[in-house]
Amino acid sequence: MLARGLAGDRRPGHRQQERRQHRDGHGASHRSVPPCRHLVPAIVNHAHESNVKTLTTNGALSPPGGKPVADVRIVPEAPTEPYLRIVPLGGCSEIGRNMTVIETADDIVIVDCGLMFPDEEMFGVDIVISDFSYLRERVEKVRGLLVTHGHEDHIGGIPYFLREFPQVPVIGTALSLALVKAKFREHKVGDVELRTVQPGEVVTLGGMRAEFVHMTHSLAGACSLAISTPLGLIFHTGDFKFDQTPLDGRPADFAAIARYGSQGVLCLLSDSTNAERAGHTPSERTVTEAFSNIFARAAGRIIVASFASNVPRIQQVVDQALRFGRKVAFLGRSMQNVVHYATELGYLHLPQVHVIRIEDVDSYRPEEVVIMTTGSQGEPMSALTRMSLREHPKAKIVPGDTVVISATPIPGNEKSVSKTINNLYRLGAHVFHGAGAHVSGHGSQEELLLMLNLVRPKYFIPVHGEYRMLVSHARLAERAGVAPENAFVVENGDVVEFTASEAGKIGKTYGGNVLVDGSGVGDVGAAVLRDRRLLSSDGIVMIVVSIDAEDSRVVAGPDVMTKGVFYVPEADELLEDLRSAADEALAACSVEGMGDAQTVRERLRESISRLVYERTKRRPVIVPVVMEV
């Protein structure tokens, strides 16, 4: 539906973009946006899921590489009256790269800045981060980056963020910032401000104030954020579950959450990862019993793979190792970093006398050793994956080893995990995975409902999840009493605006992916990915020819080289035919008097491409190289 503007078309029957109007703090009435506020054409598409208002604009202004495509979705000018905007730059309609902007007329506060791992179509891409264009245009307003906890999908993008915004302070609990700081050496981040806070502490950022509220998750130091703004209070849960029996004995700060709920919360942003899962998420303590049984039965070495940042899981493995008289070795750089910082800060209790170097494992009998390692997601270069392929220089899988994969595969990693498990079985290992060996760090439906009932927000924005998870969470909010029209299902780049009289989605900004490939940030775009896909599927054909710069005579060649195109027994005959086709194309150029390098390249590409497709039905990348000598 092409609209004249977000103000809407006044023709009869045309459904206008709506905003929600406050009315005595209860319910909402509807009216169209004043035309003076929106002067730029926009493409708006309305969809409805259980009366939840959505903008189904899952594209973004920036494609891979972070460059604008077209100004078809624009953020309107700021209103003259006080306003508040919430803009997700990552984590909505996807798992990973969580990042949310909270903006007033004078200030911007950012919540988290994570990364996402590439999908199988992003060949050669290392990680994916958010597009910072919205912040570049408002850099003078950015007051701080608040970190809810230290998982990669919440902190992995911070080094890239600080390259552009080194003046912005990063604020979080001790372990969160220790994990952030550990990245600085690798990324050569210079002098920046890291501000450590305790749960319950309040920080002032311009005209906004934020309290860090203690929360339970699969990583110590996790917090929710209660952010006071001139328009009202925003409560951002971060990742959470309500574990009533956490290993550290510190359940979530229910009193603080309820206190804010009684004071009045304008908008709740809540973790949607398990919004489709009924019931409660089990306590971390349930894994202890499973580990106890595994340790009691294992006759050989025990190898446990988990997320490096899962400190409670590391503590459980250490406790069982001590109980059964085993030494512990840690494998994987990220695992070793987390153990170091968590022990130093008192989150992990680890008697050093029971820790051995991975190089010394073979000095002990198999029944005396536990190896704690990375690789629970089947990552290609992770320690467990390399062990399963017999490629790790310091650790090998031997028959009789017991391997415990204590993590649930992230969506998209299922095949990699399955492949690793199969390889472990081939090497004679006993493998435990799935139920019992792991519990989620994210709350299920009953916990999400409890959060909604404690906070009692007027408006609700589900975050941290794929689109279907966000919709499921919005439906839960309706069950908890949030008016259907006050639940906003947003995607990356959507702009939600609140004023004293109304609230609603008003536009779209840059919300696309920025791809990181080696040291390059944002320089891998759609064209590069397309070429990589073609190379992976149909290979490459190169034709090299040298021509005289004066008279365009062929001096050398054509030479034809291929990779990934032909089955070897067929190659000789096909290569000879390709050389003949190249000779004919060069001869045609000579006859027609079209001997410039560009024309020769085009003729060679057309001729070779046609012949390859006729003979193989494949479309490899054709690269003609014409050198003028």
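The values are calculated or read from the model by the stated rules, or taken from the named source; none is laboratory data. Because the structure is predicted, anything quoted here is derived from the model rather than measured. Cβ placement follows ideal geometry from the backbone for every residue including glycine, while neighbour counts extend to all protein chains displayed.
Tabulated data for the structure shown
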read-out: Yes/no for G465 being small (G, A, S) and in contact with a strand residue (DSSP E or B) (Cβ under 8 Å, 6 or more places away or on another chain); value: yes
read-out: The stretch 308-323 residues that are within 19 Å of A178 (Cα to Cα), paired with ones that are among the charged types (D, E, K, R) (beta carbon under 7 Å, 6 or more apart); value: P312/E284
read-out: Members of the stretch 260-311 found to be touching a Ser or Thr at 6+ places or on another chain (Cβ under 7 Å), of a type in the set (D, E) and buried (at least 17 other Cβ atoms within 10 Å of the Cβ), listed by number; value: D271
read-out: Given (1) surrounded by fewer than 24 Cβ atoms within 10 Å (Cβ to Cβ); (2) in contact (Cβ under 8 Å) with a residue 60 or more places away in the chain; (3) among the hydrophobic types (A, V, I, L, M, F, W, C), index of the condition A480 fails; value: (2)
read-out: Matching residues in the stretch 84-109 - criterion: being within 20 Å of the chain's Cα centre (by Cα), in a loop (DSSP other than H, G, I, E, B) and at pLDDT 95 or above; value: N98
read-out: Odd one out for G238 among (1) crowded, with 22+ Cβ neighbours inside 10 Å; (2) assigned to a strand (DSSP E or B); value: (2)
read-out: Scan of the stretch 463-490 for residues that are of a type in the set (A, V, I, L, M) and under 20 Å from the mean Cα position of the chain (by Cα), ordered by number; value: V463, M469, L470, V471, V489, V490
read-out: Residue count for the stretch 306-324, restricted to those that are modelled with pLDDT of 95 or more and not in a helix (DSSP H, G or I); value: 1
read-out: Tally of residues being within 19 Å of I461 (Cβ to Cβ), of a type in the set (S, T, N, Q) and free of Cβ contacts under 8 Å to residues at least 60 places away in the same chain across the stretch 213-252; value: 1
read-out: V417 vs. criteria within 27 Å of G325 (Cα to Cα) and hydrophobic (A, V, I, L, M, F, W, C); value: no
read-out: Test for I543: is it at pLDDT 75 or above and either out of contact with any helix residue (DSSP H, G or I) (no Cβ under 9 Å at 6 or more places or on another chain) or β-branched (V, I, T) (or both); value: yes
read-out: Residue in the stretch 493-515 that is free of Cβ contacts under 8 Å to residues at least 40 places away in the same chain and either in the same structural domain as E164 (by TED's automatic domain parsing) or under 23 Å from H154 (Cβ atoms) (or both) present; value: no
read-out: Pairs, first within 22 Å of M561 (Cβ to Cβ) in the stretch 580-597, second modelled with pLDDT under 70, C-beta under 8 Å, six or more apart; value: A582/G557; L586/V554; C589/S552; C589/G595; A597/E628
read-out: Verdict on S176 being touching a Leu at 6+ places or on another chain (Cβ under 7 Å) and either assigned by TED's automatic domain parsing to the domain that holds A210 or over 23 Å from A308 (Cβ atoms) (or both); value: no
read-out: Checking V128 against (1) surrounded by fewer than 24 Cβ atoms within 10 Å (Cβ to Cβ); (2) modelled with pLDDT under 90; (3) part of a strand (DSSP E or B), the condition it does not meet; value: (1)
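Condition check ((1) outside the structural domain of S388 (by TED's automatic domain parsing); (2) assigned to a strand (DSSP E or B)) across all residues:
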residue	(1), (2)
L219	yes, no
S224	yes, yes
I227	yes, yes
D243	yes, no
L247	yes, no
A258	yes, no
S270	yes, yes
A290	no, no
I303	no, yes
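So that you can scan it fast, the table gives a plain yes or no per residue for (1) in contact with a helix residue (DSSP H, G or I) (Cβ under 8 Å, 6 or more places away or on another chain); (2) over 30 Å from E276 (Cβ atoms):
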| residue | (1), (2) |
| --- | --- |
| G346 | no, yes |
| I358 | no, yes |
| M372 | yes, yes |
| I405 | yes, no |
| G412 | no, no |
| F432 | yes, no |
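Rundown of residues vs (1) basic (K, R); (2) within 27 Å of V318 (Cβ to Cβ), yes/no style:
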| position | (1), (2) |
| --- | --- |
| Q377 | no, yes |
| T408 | no, yes |
| G428 | no, yes |
| H433 | no, yes |
| G443 | no, yes |
| R456 | yes, no |
| L470 | no, no |
